[in-house]
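The values are calculated or read from the model by the stated rules, or taken from the named source; none is laboratory data. Owing to the predicted nature of the structure, the values given are computational and were not obtained by experimental measurement. Positions of Cβ are generated from backbone atoms using ideal geometry, with glycine treated the same way; all protein chains shown enter the neighbour counts.
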Number of protein chains: 2
Amino acid sequence: MTVGIRDVARAAGVSTATVSRALGRGPVSDALREQVEAAVRATGYRPNLSARRLRSQAAQTIGLIVADIRNPFFTAVSRAVEDAAFAKGMRVILCNTDEDPAREAMYLRLMEEERVTGVIFAPTGAAADSLRAEPPAFPVVLIDRAGPPGAHDSVVLDNPAAGAGLVDHLVGQGFSRIGGLFGSTSSTARERRAGYEAAMARHGLEPSSRTVAPNAATAEAAAARWLAESDRPEALVLSNGLILMGALRAARTLGLRVPGDVALAGFDNEPWTDLVEPGLTVVEQPVDEIGAQAMRLLFERIAQPDQPVRKVVLSGRTVLRGSTRRG
Amino acid sequence: MTVGIRDVARAAGVSTATVSRALGRGPVSDALREQVEAAVRATGYRPNLSARRLRSQAAQTIGLIVADIRNPFFTAVSRAVEDAAFAKGMRVILCNTDEDPAREAMYLRLMEEERVTGVIFAPTGAAADSLRAEPPAFPVVLIDRAGPPGAHDSVVLDNPAAGAGLVDHLVGQGFSRIGGLFGSTSSTARERRAGYEAAMARHGLEPSSRTVAPNAATAEAAAARWLAESDRPEALVLSNGLILMGALRAARTLGLRVPGDVALAGFDNEPWTDLVEPGLTVVEQPVDEIGAQAMRLLFERIAQPDQPVRKVVLSGRTVLRGSTRRG
DNA sequence: AGGTTATATGAAAACGTTTTCAGTCATCGC
DNA sequence: GCGATGACTGAAAACGTTTTCATATAACCT
């Protein structure tokens, strides 16, 4: 029914081995190569990638495991990863974990069954630990969240510095009662919080931080509760784009002016953050470079499996806008 | 090196056939099934999906081909598709075409080589035509853009009605010089434009529409040019979320008030559209249902390959906000 | 010329499963 | 008590490639 390499070989009057070599890179005379190519066109042959992968033991596939593709940060990184992968002739399997350790474990098992070439992974804290305890059969590059050091290559933002930078900026603007609302599941949020708290201490200020599930809905609820308290903070540091959006929405709902009643500073320079009044101060992450560097680390790890673990730390760029302007 | 089904069979003291049956659904006695499961645990066996796919001739994979995952509409649809696919034990291969016919053709060929179970595809006009001319080996469900009727199952928005609805609303608000800025590559944009023009004609108004490459940057440039003209329109209909964003940005840059100087109405109820002053009037697409319906059509097509072609038309929901309020 | 090396090709093995096919054993109906 | 039926199980074939291995031919070197 379906045309296979034997049919092409018969049509070209050669062996299947020659067809295989002509299609890949193998020593084949120009004459035969042309015969084969003509036969391929004539028969409409399409190689069967499953068979190819099975025999050659090279899946040419990388797994990309993120929390939720709808988070614009992951959307952008995914696009960069996919471009790099397809450019190298590789497929990408994208998986959404919703920050659920059970789903993370399931997808990691799936990646083993696919015999993937490698995996790029933004793990929860739980997954990072178990990944360290029992390293999988394939190379892993962690993105966004590094977890405990030393186990896997990773590319992350300099989160403590970014968190501290936002505090410094706010303090410079004259704010002192600065709260922090951070995601509860990732090491990234923990690091940003650490940077926040260190900077507050450095300025002799009292840190006041809370954690929340990293999605816009619960963040909005938490922020609304906080901002309705009598001693609400003058400014809020928000640990990612979703939480920032939730906080802004809470402020709007409560009728609080930004930055008059409460200043906001967050992460992820999404396209809408400069369209919303008065513009949101954010730390921009180099999303394309995060994806590209992750692919680079992955391929270098594949080429040299025993080289020491590497951690690429990228700096964020603080984009100052109206939401943190004093007065 | 790597543990295969033969190792499991040896450890369990049974044949590979029995292991295969115990792991899948086959007639195996409870005693042997338990032996096999114990052996799987003991050996750490992971089935090789390439081998499984090759032998069983079932890839359990669907292709999802969209213009750009960074377009929030496609992001949301992708997530819905992936959830549905993984729930059915299928993998998803995501491809970004950037509206480039050459890349579309390349990815379609890739899908054939993967022997995918089916494909969900948002094609450009060019691809829709060639798809109709030479139908591929796998079932295809078109989303967002149906192309010429009759060739493939599809699930689309009622674009003419949505485009007309925005015009009706604007006219109801007292606007009459209403321009339209539409994407240049998709049938969707053409349909929305047709709805716009029909509605304008119905109201006895002069339509004035332009087309632009569907991305925020070029849309902003085109809108800025248009809004700088002396006889600029009082209101603008924008054919998708990216173009809407570009238009808003152009208005801001030119110092035009919305809706005072120019009213804006567009598509895609993205989270930021109600955060930006004065809130943007948009047609919300049922993104989750589009993804779910596409998967449903695909599976029903697989089950019954010869059933007549079906087209699911979903209604948009017009969300009225300040950007179209008169006065 | 004669042997050595390089190059191109084909036959067949191999990749790791699922599935066919044939068989074993127990149960059942009469 | 005996053929028929049914439920499990194992041996081996099959899926469609790539890769080894062996061979033939051509090219090269002394």
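Scanning region A:209-241 for residues that are part of a strand (DSSP E or B) and within 18 Å of A:Gly174 (Cα to Cα) turns up A:Ala235, A:Leu236, A:Val237.
When residues in region A:261-285 are screened for being more than 14 Å from every other protein chain (Cβ to nearest Cβ) and in a loop (DSSP other than H, G, I, E, B), 3 of them pass.
Looking at region A:124-144, which of its residues are touching a Gly at 6+ places or on another chain (Cβ under 6 Å) and assigned to a loop (DSSP other than H, G, I, E, B)? Hits for region A:124-144 are A:Phe138, A:Pro139.
Return the only residue of A:Gly26, A:Gly13 being farther than 22 Å from B:Glu112 by Cα, touching a Ser or Thr at 6+ places or on another chain (Cβ under 9 Å) and near DNA strand C (Cβ under 9 Å from one of its atoms).
On the way: A:Gly13 fails: touching a Ser or Thr at 6+ places or on another chain (Cβ under 9 Å).
The conditions single out A:Gly26.
Taking the criterion of being within 21 Å of B:Phe299 (Cα to Cα) and away from DNA strand C (no atom under 14 Å from the Cβ), would at least one residue in region B:42-62 satisfy it? Yes: one or more hits. The set of residues from region B:86-115 being more than 9 Å from every other protein chain (Cβ to nearest Cβ) and among the polar types (S, T, N, Q) comprises just one member, B:Thr97.
Could you list all residues from region A:247-263 that are touching a strand residue (DSSP E or B) at 6+ places or on another chain (Cβ under 9 Å) and surrounded by fewer than 24 Cβ atoms within 10 Å (Cβ to Cβ)? Within region A:247-263, A:Ala251, A:Val258 meet the criteria. When B:Gly147, B:Gly163, B:Gly174 are checked against the criterion of being part of a loop (DSSP other than H, G, I, E, B) and in contact (Cβ under 8 Å) with a residue 60 or more places away in the chain, a single residue qualifies: B:Gly174.
Take the conditions (1) touching a residue at least 40 places away in the same chain (Cβ under 8 Å); (2) surrounded by fewer than 14 Cβ atoms within 10 Å (Cβ to Cβ); (3) assigned to a helix (DSSP H, G or I); B:Asp288 misses just one of them, which is (2).
Answer yes or no: is there a residue in region A:244-251 that is more than 14 Å from chain B (Cβ to nearest Cβ), in a helix (DSSP H, G or I) and in contact (Cβ under 8 Å) with a residue 24 or more places away in the chain.
We begin by selecting, within region A:244-251, every residue more than 14 Å from chain B (Cβ to nearest Cβ); these are none.
No, region A:244-251 has no match at all.
Per the conditions (1) within 11 Å of chain B (Cβ to nearest Cβ); (2) closer than 27 Å to B:Ala67 by Cβ; (3) surrounded by 21 or more Cβ atoms within 10 Å (Cβ to Cβ), the sole criterion not satisfied by A:Asp83 is (3).
Sort through B:Ala51, B:Ala67, B:Ala12 and tell me the only one that's more than 9 Å from chain A (Cβ to nearest Cβ), among the hydrophobic types (A, V, I, L, M, F, W, C) and farther than 22 Å from B:Val141 by Cβ. Before the answer, list the steps.
Values: B:Ala51 fails: more than 9 Å from chain A (Cβ to nearest Cβ); B:Ala67 fails: farther than 22 Å from B:Val141 by Cβ.
Result: B:Ala12 is the single residue among B:Ala51, B:Ala67, B:Ala12 that is more than 9 Å from chain A (Cβ to nearest Cβ), among the hydrophobic types (A, V, I, L, M, F, W, C) and farther than 22 Å from B:Val141 by Cβ.
Would you mind finding the one in A:Asp30, A:Asp7 that is modelled with pLDDT under 95 and more than 28 Å from B:Ala85 (Cβ to Cβ)?
One residue alone meets the criteria, A:Asp30.
Screening A:Ser239 against (1) within 20 Å of the chain's Cα centre (by Cα); (2) more than 14 Å from chain B (Cβ to nearest Cβ); (3) surrounded by fewer than 24 Cβ atoms within 10 Å (Cβ to Cβ) leaves a single unmet condition, (3). Can you find a residue in region A:154-174 that is crowded, with 20+ Cβ neighbours inside 10 Å and modelled with pLDDT under 95? Looking for residues that are crowded, with 20+ Cβ neighbours inside 10 Å and modelled with pLDDT under 95, one finds none in region A:154-174, hence no.
For A:Thr2, the conditions (1) surrounded by fewer than 17 Cβ atoms within 10 Å (Cβ to Cβ); (2) within 13 Å of DNA strand C (Cβ to nearest atom); (3) facing chain B (nearest Cβ under 10 Å) are fulfilled apart from (2).
Looking at A:Gly204, is it without any contact (Cβ under 8 Å) to a residue 40 or more places away in the chain and either more than 30 Å from A:Ala292 (Cβ to Cβ) or touching a strand residue (DSSP E or B) at 6+ places or on another chain (Cβ under 8 Å) (or both)? Spelling it out, A:Gly204 is indeed without any contact (Cβ under 8 Å) to a residue 40 or more places away in the chain and either more than 30 Å from A:Ala292 (Cβ to Cβ) or touching a strand residue (DSSP E or B) at 6+ places or on another chain (Cβ under 8 Å) (or both).
If you take the residues in region B:291-322 that are assigned to a strand (DSSP E or B) and under 30 Å from B:Arg132 (Cβ atoms), which one is farthest from the other protein chains (Cβ to nearest Cβ)?
Residues of region B:291-322 that are assigned to a strand (DSSP E or B), as a first pass: B:311-314, B:317-319.
Filter once more, so that each one left must be under 30 Å from B:Arg132 (Cβ atoms): B:311-314.
Numbers: B:Lys311: 27, B:Val312: 23, B:Val313: 25, B:Leu314: 20 Å.
Among those that are assigned to a strand (DSSP E or B) and under 30 Å from B:Arg132 (Cβ atoms), it is B:Lys311.
Do we find that B:Val258 is closer than 18 Å to B:Leu166 by Cα and either outside any loop (DSSP other than H, G, I, E, B) or within 13 Å of chain A (Cβ to nearest Cβ) (or both) in this structure? When the stated conditions are applied, B:Val258 passes them. Checked against (1) within 11 Å of DNA strand C (Cβ to nearest atom); (2) under 24 Å from B:Gln57 (Cβ atoms); (3) more than 14 Å from every other protein chain (Cβ to nearest Cβ), A:Leu32 passes all but a single condition, namely (2).
Please go through region A:189-208 and give me each residue that is hydroxyl-bearing (Ser, Thr, Tyr) and either surrounded by 19 or more Cβ atoms within 10 Å (Cβ to Cβ) or part of a helix (DSSP H, G or I) (or both), ordered by number. Give the derivation first.
If we filter region A:189-208 for residues that are hydroxyl-bearing (Ser, Thr, Tyr), which is where we start, we get A:196, A:208.
Of everything in region A:189-208, just one residue is hydroxyl-bearing (Ser, Thr, Tyr) and either surrounded by 19 or more Cβ atoms within 10 Å (Cβ to Cβ) or part of a helix (DSSP H, G or I) (or both), namely A:Tyr196.
Quick check on A:Thr18: is it among the polar types (S, T, N, Q) and more than 8 Å from DNA strand C (Cβ to nearest atom)? Judged against the criteria, A:Thr18 is not a match. Counting only helices (runs of 4 or more DSSP H) wholly contained in region B:1-120, the ones carrying 2 or more residues that are away from DNA strand D (no atom under 13 Å from the Cβ) occupy B:30-43, B:72-87, B:101-114.
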